[in-house]
Amino acid sequence: MTRLHRTAFSSACLIFFAAAVHPALAARVGPGPVLAQLAEGFGVIAAEVVRANAATVRGRFVDSYDVTFSVKEVFAQPIAGDAFPLKPGDTIELRLSAGYAAQLEWDVPKMLEARQKFILTVKRGVGGRHEHVNGASAPVAVKDFTDENRARFARLRELALVPADARVAALIKVVAISSENEALRSDALAGLSDRSTLRETRGREDALLGMLKIWSDPACRLSPSLLNQLDYAIRATGGSAFEDSDDRARMWVKRLLDPTPENRSDNNDRDNIVHGVLHDLLIRKPNVVSPAIVSMLRDKGWPEGFRRAAAAGMLWAYIRSEKTDSAWEPALQHHYTRVFLSKQDWPIRLAAADLIAASDYPQRKRRFDPDIAVRDAMHQALADMKVATVAEPKSDAMNAVHDLERAIKSIAPTTAPSGDDAHLRPAGTPPAVR
């Protein structure tokens, strides 16, 4: 099976997130730039969990934990305020929020087992108690504390100490070097789009010019996540002039959809951003991006996860755009027919979730009506998954059956169209009564 990255969500959660979170994650805000945090009195330490106890509970769920950490080393002292008097072996107590968009998000009890390693961004609060910077997944779980970690935070502290009038140039230089540490380049980009940079007109103009130069330089290598971050930073700085430009759309097409060996390889980080990026570009610049996306969806040489994410982006553009490209609907019908006939439980679940969420989305401009080929493929998939449930009871096939049943119900017409409705009816269903 082509590698498609699964989550630990149940079927119900999968459908909920498809419906509630499409087309963009809601209310999930990460921690601010480390550069800004250092200037606000936060420092960075390496620490291991000693013990963790539930602190507050809401219903059946733990809202926060009190966690005792053993300090291993200080990676970066704060710029503002007093230096940390911490040394290896000292312990600190932190109260950390838990849940979606909280400081601790995924598989929290396992994360907080004894001796789990974290990079923490903390400062001394009222009464000497330490507090952690806020934001989704702000404490960073790591396997080991590495020299790369040490070098990154040492460099960040050096950058934070650069005088304000020279800092933009220093950050641009870091981002522009393809061989530079990926995390450090991301930190520098976050600093360029931070409020403290954008507050000054000169700083904003210098940042925008520097980032646009990097954006248009094909020799500057950028991972998909860095490219997405750069795109966001330029839009935050330059606004609609860049956001609605053909140049922006063309560069995304080149970086994502040129049929290079690198682009045609599996890349989960890329797949995670493709839905939102292509959804936005299809609405803003359909003439620029549609041909390449339609061609890619029909090309077996592209990874399945990438094609699925791109199709989801096109589906959401289709139901939300004021105008659509005539090639979108045939491409979507072909894609979903192919996936439902694949006999692969996880891709089938994702496709079913797409159709349920699109059908339930209240602000849609139009409805996507799967054609007879898609509907027949869904019924074939339902039969295939029922067989697979018997053959492999521990597989995801049972969840696929549930999702398919919901999807088939969600796309069933509530009123009969004029004329014969056979092409809209699930196989074996009698004509609707008018």
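The values are calculated or read from the model by the stated rules, or taken from the named source; none is laboratory data. Every value quoted in this text rests on a predicted model; they were computed, and no experiment measured them. Positions of Cβ are backbone-derived with ideal geometry, glycine not excepted, and every protein chain shown enters the neighbour counts.
Some observations on this one:
Residue-wise test of (1) modelled with pLDDT of 95 or more; (2) exposed (fewer than 14 other Cβ atoms within 10 Å of the Cβ); (3) not acidic (Asp, Glu); (4) not in a helix (DSSP H, G or I).
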position: Asp217; (1), (2), (3), (4): no, yes, no, yes
position: Arg221; (1), (2), (3), (4): no, yes, yes, yes
position: Tyr232; (1), (2), (3), (4): no, yes, yes, no
position: Asn263; (1), (2), (3), (4): no, no, yes, yes
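- Residue within region 138-145 that is part of a loop (DSSP other than H, G, I, E, B), in contact (Cβ under 8 Å) with a residue 24 or more places away in the chain, among the charged types (D, E, K, R) and on the phi > 0 side of the Ramachandran plot present: no
- So Ala190, is it aliphatic (A, V, I, L, M), in a loop (DSSP other than H, G, I, E, B), within 26 Å of the chain's Cα centre (by Cα) and at pLDDT below 95: no
- Some residue of region 318-327 being out of contact with any Phe, Trp or Tyr (no Cβ under 6 Å at 6 or more places or on another chain), touching a residue at least 60 places away in the same chain (Cβ under 8 Å), over 20 Å from Asn399 (Cα atoms) and assigned to a helix (DSSP H, G or I): yes
- Breaking point among (1) surrounded by 15 or more Cβ atoms within 10 Å (Cβ to Cβ); (2) in contact with a strand residue (DSSP E or B) (Cβ under 8 Å, 6 or more places away or on another chain); (3) at positive phi; (4) modelled with pLDDT under 90, for Phe84: (3)
Results for (1) part of a helix (DSSP H, G or I); (2) without any contact (Cβ under 8 Å) to a residue 60 or more places away in the chain, shown as yes or no for each residue.
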{"site": "Pro88", "(1), (2)": "no, yes"}
{"site": "Glu93", "(1), (2)": "no, yes"}
{"site": "Leu96", "(1), (2)": "no, yes"}
{"site": "Arg115", "(1), (2)": "no, no"}
{"site": "Lys123", "(1), (2)": "no, no"}
{"site": "Ala154", "(1), (2)": "yes, no"}
{"site": "Ser179", "(1), (2)": "no, yes"}
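- Count - residues of region 142-156 that are of a type in the set (D, E, K, R) and either farther than 23 Å from Glu48 by Cβ or crowded, with 19+ Cβ neighbours inside 10 Å (or both): 2
- Taking the numbered list (1) surrounded by 11 or more Cβ atoms within 10 Å (Cβ to Cβ); (2) at pLDDT below 95; (3) of a type outside the set (A, V, I, L, M, F, W, C); (4) within 24 Å of the chain's Cα centre (by Cα) in turn, Thr121 passes all entries but (2).
- Among the residues of region 218-258, those identified as touching a residue at least 12 places away in the same chain (Cβ under 8 Å) and touching a Phe, Trp or Tyr at 6+ places or on another chain (Cβ under 7 Å) are Leu230, Ile234, Arg248, Met251.
- One residue stands out among those in region 236-261 that are assigned to a helix (DSSP H, G or I) and at pLDDT below 90: the one that is surrounded by the most Cβ atoms within 10 Å (Cβ to Cβ), which is Thr237.
- Any hit, region 289-302, residues being in contact with a helix residue (DSSP H, G or I) (Cβ under 7 Å, 6 or more places away or on another chain) and among the acidic types (Asp, Glu): no
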